[in-house]
Amino acid sequence: MMGGLPDDGTKGLLSPEWERGFVQAETVLRQGGLVAYPSETVWGLAALPGTEGVARLYAVKGRLAEKPVQGSFASVETAERYVQLPVALRRLVSFLPGPLTVVTDASPLCPVELAPGGRVGIRVPDHPVALELLGRVGGVLATTSCNRSGEPPALSYDEAVACGLADLVLPDGGVPARGVPSTVLDLSSCQILREGAVPAATLLAALEVQS
């Protein structure tokens, strides 16, 4: 657990303490472990695609195998490599990074763990800790909310620790989660699968203007 790290926001992420924390988190992920991390919505739970961590992610969460986890990416540009129609994803750049998950057709480059049915949920978080973590492991992680299936997601460092799901928990660096989940959009049908932090009307209006 990493509760002793500074909590002074983005500037603090440059400190030696945070550097050691991120190195430790990267090591955990590359060895097939799980890392809980803050986002602008709720706390997430991450595994590195291509490791046994993804199977562990399903197991500790109690998640059904047919319910795919999402892919979190370091940037829209990174995410574009993993989708069939990157031009369509660019229509949403005003909302990304941000509390939006876009479900769309995956490209052949997309790890199968993120797109078992040929479709992938794209998320680009708007949080300095999450983005730094993603940048250190190649820009992509298999992620889900930090909670057991059917239970509320963790909204703080203490709650993420209390879940007992992660091998390591990163604190928020002074940038707390807002507690509202991401809005989920099916890009192919322009349907809202879950309304969250981005109002559905705002999102659909933006898509209509750009169509």
Checklist entry - Since Ala79 meets every condition but one in (1) hydrophobic (A, V, I, L, M, F, W, C); (2) in contact (Cβ under 8 Å) with a residue 40 or more places away in the chain; (3) open to solvent by 10 Å² or more (accessible area, probe 1.4 Å), which condition does it not meet? => result (3)
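Each row is one residue, and each column tells you yes or no for (1) in contact with a strand residue (DSSP E or B) (Cβ under 6 Å, 6 or more places away or on another chain); (2) at positive phi; (3) surrounded by 22 or more Cβ atoms within 10 Å (Cβ to Cβ).
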residue: Val120; (1), (2), (3): yes, no, yes
residue: Val124; (1), (2), (3): yes, no, yes
residue: Leu133; (1), (2), (3): yes, no, yes
residue: Ala154; (1), (2), (3): no, no, yes
residue: Val161; (1), (2), (3): yes, no, no
Checklist outcome for this item: So, first residue without any contact (Cβ under 8 Å) to a residue 40 or more places away in the chain in segment 11-39, second residue hydrophobic (A, V, I, L, M, F, W, C) and open to solvent by 10 Å² or more (accessible area, probe 1.4 Å), Cβ within less than 7 Å, six or more apart or across chains; the pairs are Glu17/Leu5
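Can you tell me which residue among Leu5, Leu92, Leu29 is surrounded by 20 or more Cβ atoms within 10 Å (Cβ to Cβ), modelled with pLDDT of 95 or more and over 13 Å from the mean Cα position of the chain (by Cα)? Step through it out loud before you land on a result.
Numbers: Leu5 fails: modelled with pLDDT of 95 or more; Leu92 fails: modelled with pLDDT of 95 or more.
That would be Leu29, the only listed residue that is surrounded by 20 or more Cβ atoms within 10 Å (Cβ to Cβ), modelled with pLDDT of 95 or more and over 13 Å from the mean Cα position of the chain (by Cα).
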Checklist entry - Got a sec? Which helices (runs of 4 or more DSSP H) wholly within segment 120-211 have at least 2 residues that are within 17 Å of Val102 (Cβ to Cβ) and without any contact (Cβ under 8 Å) to a residue 40 or more places away in the chain? => result 200-210
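The values are calculated or read from the model by the stated rules, or taken from the named source; none is laboratory data. Please read all numbers here as calculations on a predicted model, not as lab measurements. For neighbour counting, all protein chains shown are included, and Cβ atoms are generated from backbone atoms with ideal geometry for every residue, glycine included. We work out accessible area using only protein heavy atoms, side chains counted, and drop any ligands, DNA or RNA first. Shrake-Rupley method; radii C 1.70, N 1.55, O 1.52, S 1.80 Å.
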